[in-house]
Amino acid sequence: MVVTVGADLLAERLLHNPQLRVQVAKSRSVCQSLVLAEVTRVGDLLDYDRGDWLDPLTLAQRMGLSRPRTARRVFQQVKAALTPAARAYLNRALSEGAPRPPSTPGPLDLSIGPLPRRSKQTPHPFTASRLHELQPVSFQIAPRKYLYTLTLHTLHAHTLVSHPDTKWRDLLPPLEGEQPRWASLYSTLVPRPVGDISWRLLHGAVSTGVFLTRFTPIPDTCPFCNVRETLARVYLECARLQPLFRLLTNILLHFWLHFSPHLFIYTLPIRGPTKSWDLLVNLLLALAKTAIYKTRERRLAHEMSCDCGAFFRSSVHSRIRAEFLWAASTDSLDAFKERWELSEVLFSVTPSGSLHLTI
Ligand SMILES: [Zn+2]
């Protein structure tokens, strides 16, 4: 119950007020629309011209709502939280037309954005800092993600500005038309955990011996070939990867693509006319990265079966088999063939309707 009495009651806050529990205003969107309607104090709910509480429909319109339900609940909950004496006080103020709430307007129209400033560091041509892209936005309606990015990039501005957006910029200088395709890492075909591994790899955020050896007793050499284990060694250069890369080279030739380290790490842009092929190629690349990642982990855990080629094949097989069984059981084999059976590279469906895997 509200303990405020007298004229101060008119200025009592409606939002985030532990004494005045307006449950409905706990919702972010309701809170936001009340702020935009400039109804933030108990006094703002009164209509002195009518000598009554504000009409719920009028309030709903000011809040940008088509129905008065939420506005009605605001009134119900506010009235329920007031003591009988407080309610009587407000009714008297309405019938006498005074006192009115102090005419402080709603919150100021603040905007938030990065401050332009000169940095001592020379910015990297592909800087990881995104401050220069952020435009000021209204503070009251700034999306959570914007505030997060702004805070993070402001706190670490000096570090980020001289860093490239991915470590691979230095390891694999982008050739013409070959640049990191962040948007291709996830798609309707790529399962989230598989996309995450590609994303981490593109950021260089995957473990390597060279990194781990700084604070663990793990040696800094590759568990397969005993050469110093750098990021490029784990995902591109190790001898154990070459059979997998040959397999990918063969598969991609059917898509008229040349397999290269750039394509493997940076992935393929998704273009309208070749969309279904592009999605499938990106899925295969993502599964190959996952195979390398998982078999390395298995080796470190001294498990058997660390062949990344076999791991890749079996993950492609199980994916296609699952899609095939699903399509067969839902009578949608045509859609399945359209999506997956491109040039019969990976498999074919025999006239009798059984699946024949070809890789
Ligand atoms: Zn190796």
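The values are calculated or read from the model by the stated rules, or taken from the named source; none is laboratory data. In this text, all values refer to a predicted model and were calculated from it rather than measured experimentally. No Cβ is skipped: glycine too gets one built from the backbone with ideal geometry, and neighbour counts run over all protein chains shown.
Identify, please: which residue in segment 146-164 is exposed (fewer than 15 other Cβ atoms within 10 Å of the Cβ) and of a type in the set (A, V, I, L, M) and is, among those, farthest from residue 128 (Cα to Cα)? Checking each candidate, the answer is 147.
Is one or more of the residues making up segment 145-157 among the small types (Gly, Ala, Ser) and either within 16 Å of the ligand (Cβ to nearest atom) or closer than 27 Å to residue 270 by Cβ (or both)? Scanning segment 145-157 turns up no residue that is among the small types (Gly, Ala, Ser) and either within 16 Å of the ligand (Cβ to nearest atom) or closer than 27 Å to residue 270 by Cβ (or both).
Restricted to segment 205-269, the set of helices (runs of 4 or more DSSP H) holding at least 1 residues that are near the ligand (Cβ under 10 Å from one of its atoms) comprises 209-212. In segment 242-256, the residues that are closer than 19 Å to residue 277 by Cα reach residues that are of a type in the set (S, T, N, Q) and outside any loop (DSSP other than H, G, I, E, B) with C-beta atoms within less than 6 angstrom, at least six apart or across chains, in these pairs: 254/343.
Restricting attention to segment 14-29, the residues being among the small types (Gly, Ala, Ser) and buried (at least 18 other Cβ atoms within 10 Å of the Cβ) number 1. Just give me the residues in segment 93-122 being under 30 Å from residue 169 (Cβ atoms) and modelled with pLDDT under 80, in sequence order. 116, 117, 118, 119, 120, 121, 122 - these are the residues of segment 93-122 that are under 30 Å from residue 169 (Cβ atoms) and modelled with pLDDT under 80. Which of (1) outside any helix (DSSP H, G or I); (2) in contact with a helix residue (DSSP H, G or I) (Cβ under 6 Å, 6 or more places away or on another chain); (3) farther than 16 Å from residue 73 by Cβ is the odd one out, the single condition residue 19 does not satisfy? Result: residue 19 fails condition (2) only.
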